[in-house]
Structures are given as structure tokens and as C-alpha cells.
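In what follows, a single structure is set out as C-alpha cells and then discussed.
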Amino acid sequence: MKYYLAPMEGLTTFVFRNAYHHYFHPMDKYFTPFIVPHILKDFDARERKELDPEHNSGKCVVPQILTNNSEDFIRTAKALQQMGYEEVNLNLGCPSKTVVSKRRGAGFLQEPKVLNQFLEEVFEGLDIKISVKTRLGMEFPVEFEELLEIYNRYPLEELIVHPRVQKDYYKNTPNMEMFALAVQKSKNSLCYNGDLFTREDISRFSDAFPQVGCVMLGRGILANPALVDEVEEERLPSKEVLCKFHREIYEGYQEICSGDRNTLFKMKEFWSYFIHMLPEDNQKKALKKIKKSEKLVVYDRVIDEIFSML
């Protein structure tokens, strides 16, 4: 089985990716949070940090692009190619209303003819590997039938399918019948994404779709960074590894964030998932203390207390 790290805005940054890569079973690919092409300028300071090859060395990193404009996609992909990236990913899955209202992400799926023209222009204008991360459609799973026909017209590096529609957001359950349709009819290699939180979840998926040798993990890895270790090596993380993992992320954000407030904002995002590594009885109380921390010195004391619970 191949494993990919999902692109999650504000969470799977280069700080997280590097720390994960140091302490846990390496991912086969790491996808960056999406980049929105700028019309009048190059990458901004945050994006340059995120995409800096020095921050992404030693692993396969795939930048994800969010746009419905083929010229913007081509220009951005060429810039990334010059930086040394060999693959780019098109975001057709983001369900956020602010993204969808601009016909981007999952919102682009409601215009299949325009999407087809976009892909035609992109593949004519680029010689870099292009993968697509998609949902089933906007409102109804049956929309995926037409979308799959469009994807089959192009030599995608991979088609990554999150089998929900936009209006589901992350609620309800993934539509495995429609994913089975992709398995049956896709002419491109497939990767599955959606609700893989435990070793048992991955095992059930593998048993159901043995012909699909690739999964993308997002929320499951944030909640349990040792998930792939458990599957592939039957190994649970030690307290020492968890402490070092947290420390590298914490120090990484201290280096790039300005002031206590910004650093704590990033760490509180991190702990909204990582809290699940604690015993269940301690999670609610510990998370409340983290959220109340307004200074790094207070946060440090809280974290020492929390790790003593492990």
C-alpha cells in the first residue's frame, strides 16, 4: 500500500510534514495545502516558505493548485517546475463556501464542460505530471459519472477520489458505491481519500478494494501520526517520540510565526487533532487548558502536564 498525506489548509504545512517525516513511517507523497495563483505577482512570502525546496527536501512533495483558470494554472505549474517539482495537483475537492462561490475547488465540478476545456488547455500547455483530487460533484453522487468520463480523456498521473459531494462537507459517510464505479471505469490510477481514521478502517478498505493500492490520509494522521506505523509495522509510538514530534512542530512554528499569539494559534490548531493521542478521559480537560493559554510560558507548563499523562 502507498500512503499520501492529504493537503489540509493551515495544518499540513512544511513544519508538520518535516516533523512527521522525521519520526513516523514516511509517506510516499506529501501534498501541500492549496496555492491560489496570483494575477499580478509571484508567490507571496508565506507560499515561498511553504514551497522552498530546502523546506521540502528528502521527500516527494506535490504542490496543490486551486484555480479554475487554465492560464493561471499553467503559469503556476511552470514556476513550480522551475523550482524542481515534478508533479502538481488540481484541487477539485475543497467544499468551503468561500472557495465554491468562486467556482473553485468542488465548485468547479458544477461546470463539467468548462472543466473539460480547462483540462484540455492545461495538458496542451504543460509537460509536468498532473494529478487531480476530486469530490463526486456538488449535490448528487450521480454527477460523478460525467466527471469520470472527462477525467478518462486525460493522462492523469493519478485520480484521487474523496467520495462525497460538496454539500456533504465532511458529514455523512463516503459513497463507496460511486468509488466502486471509479474502480471499474477509471482509465487513470486511483487513490482513495476519506474517513480512514484507524488501522481497522484501512484494513477494511484494502479488503474491499484490493486492486487500489493507494490511500490518502488527512484527519486520521493529524489525530494519530503513528497510524501508518500501526498498519505497516504494528508499532505504537513511544512517549519519547510523541514528545519529540510535538517539540519539533512547536519550535518550527516559533521560528516562522511572529509572537506568542500567532504561534499559539498554530499549536491550538495542531492540538485540536493531536489531543486524541491522550487517554480519552483526559482529552476534554487538557484541550480546554491549551485553548486558554495566551502566553508561551503558560503553554509550556500545560504541555509538560499533558505529556505526563502519557
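Things worth noting here:
- Of the helices (runs of 4 or more DSSP H) that lie entirely inside the range 28-117, those containing 3 or more residues that are open to solvent by 10 Å² or more (accessible area, probe 1.4 Å) and in contact (Cβ under 8 Å) with a residue 24 or more places away in the chain span 70-82.
- So K295, is it within 17 Å of P225 (Cβ to Cβ) and either in contact (Cβ under 8 Å) with a residue 24 or more places away in the chain or open to solvent by less than 40 Å² (accessible area, probe 1.4 Å) (or both): no
Residue-wise test of (1) over 27 Å from Y273 (Cβ atoms); (2) modelled with pLDDT under 95.
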position	(1), (2)
E9	no, yes
T32	no, no
D42	yes, yes
N56	no, no
C60	no, no
Q64	no, no
K78	yes, no
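- Of note, V161 satisfies the criterion of being β-branched (V, I, T), open to solvent by less than 10 Å² (accessible area, probe 1.4 Å) and touching a Cys at 6+ places or on another chain (Cβ under 8 Å).
- Checked against (1) modelled with pLDDT under 95; (2) more than 16 Å from P7 (Cβ to Cβ), N68 meets all criteria but (1).
The values are calculated or read from the model by the stated rules, or taken from the named source; none is laboratory data. Source: prediction; values computed, not measured. Quick reminder, even Gly has a Cβ in these numbers, built from the backbone with ideal geometry, and neighbours come from all protein chains shown. Heavy atoms of the whole protein, side chains included, go into the accessibility calculation; ligands, DNA and RNA do not. Shrake-Rupley method; radii C 1.70, N 1.55, O 1.52, S 1.80 Å.
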